[in-house]
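Please treat every number below as a calculation from the coordinates, not as lab data. The shown structure was predicted, so the numbers you read here are calculated from the model rather than taken from an experiment. Neighbour counts are summed over all protein chains in view; Cβ atoms, including those assigned to glycine, are modelled from backbone coordinates with ideal geometry.
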Ligand SMILES: Cc1cc2nc3c(=O)[nH]c(=O)nc-3n(C[C@H](O)[C@H](O)[C@H](O)COP(=O)(O)O)c2cc1C
């Protein structure tokens with residue numbers, strides 16, 4: 001199975017990076033191929049340019065798609081499973097990952113498809129893993145967990161993925177209390193993918 005991890009965090013000393021390392025180890029142990037789009041490390045351009053906006057805003061598919069966007073779209077086409085991993089910043093993903101959706105989900109490819117244009121394939125597994133400072137029960141109580149799930153799973157992943165799941169790894173303000181539980185949740189998720197693989 002080919003796994004693409006789209007990852008957004010600026011620091012290798014972060015807890016989210018620790019989760020990335022653990023996740024990668026678990027996936028590689030299954031003998032799966034793992035590719036990481038490390039948006040900060042790759043210096044991904046997270047801001048839509050005027051030219052790109054003119055293409056998107058007017059659904060003008062005659063305008064060119066930037067080379068870096070085509071590169072990300074090729075990674076999508078190679079993947080059986082995409083995992084989005086990031087820290088929650090202001091109740092959403094970091095701006096750079098939001099920019100990945102803005103730019104890589106280009107018109108004609110991810111939406112507004114036309115018969116003569118290459119379109120995004122349906123991917124089997126779409127997984128979202130985010131770390132959050134607030135504990136899960138609080139994020140649920142204030143409705144933010146539900147809103148993040150709605151936006152990520154129903155809109156950004158949408159019908160482009162067959163099986164979708166979101167893990168909110170909350171309570172990172174006291175990491176020592178949650179680390180083991182978070183690792184177990186990641187392990188469970190990898191197990192779930194392995195009993196429903198694509199071959
Ligand atoms: C700019 C910023 C905004 C944040 N906003 C939220 C938030 O809205 N909700 C929340 O639960 N945690 C929030 N946090 C806490 C992060 O989610 C937490 O730092 C992260 O899960 C784990 O830390 P890491 O940066 O070491 O990976 C925020 C952190 C930063 C730096």
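Quick notes
- Of residues in region 22-47 being within 14 Å of the ligand (Cβ to nearest atom) and in a helix (DSSP H, G or I), the one surrounded by the fewest Cβ atoms within 10 Å (Cβ to Cβ): 22
- Which numbered condition residue 140 misses (of (1) in contact (Cβ under 8 Å) with a residue 12 or more places away in the chain; (2) within 16 Å of the ligand (Cβ to nearest atom); (3) part of a helix (DSSP H, G or I)): (1)
- Considered as a group, the residues in region 113-134 that are within 16 Å of the ligand (Cβ to nearest atom) and buried (at least 19 other Cβ atoms within 10 Å of the Cβ) include one that is farthest from residue 166 (Cα to Cα), and that residue is 134.
- Residues (without any contact (Cβ under 8 Å) to a residue 12 or more places away in the chain and within 14 Å of the ligand (Cβ to nearest atom)) located in region 147-177: 174, 176, 177
- The number of residues in region 153-190 that are at negative phi and over 19 Å from the mean Cα position of the chain (by Cα) comes to 11.
- Qualifying residue in region 81-91 (condition: more than 13 Å from the chain's Cα centre (by Cα), within 16 Å of the ligand (Cβ to nearest atom) and without any contact (Cβ under 8 Å) to a residue 24 or more places away in the chain): yes
- The number of residues in region 179-191 that are touching a residue at least 24 places away in the same chain (Cβ under 8 Å), within 16 Å of the ligand (Cβ to nearest atom) and touching a strand residue (DSSP E or B) at 6+ places or on another chain (Cβ under 9 Å) comes to 2.
- Tally, over region 7-21, of residues that are outside any loop (DSSP other than H, G, I, E, B) and either away from the ligand (no atom under 16 Å from the Cβ) or in contact with a helix residue (DSSP H, G or I) (Cβ under 6 Å, 6 or more places away or on another chain) (or both): 2
- The listed residue being under 30 Å from residue 62 (Cα atoms) and in contact with a helix residue (DSSP H, G or I) (Cβ under 8 Å, 6 or more places away or on another chain), out of 91, 106: 106
- Residue count for region 22-57, restricted to those that are more than 25 Å from residue 105 (Cβ to Cβ) and touching a helix residue (DSSP H, G or I) at 6+ places or on another chain (Cβ under 8 Å): 3
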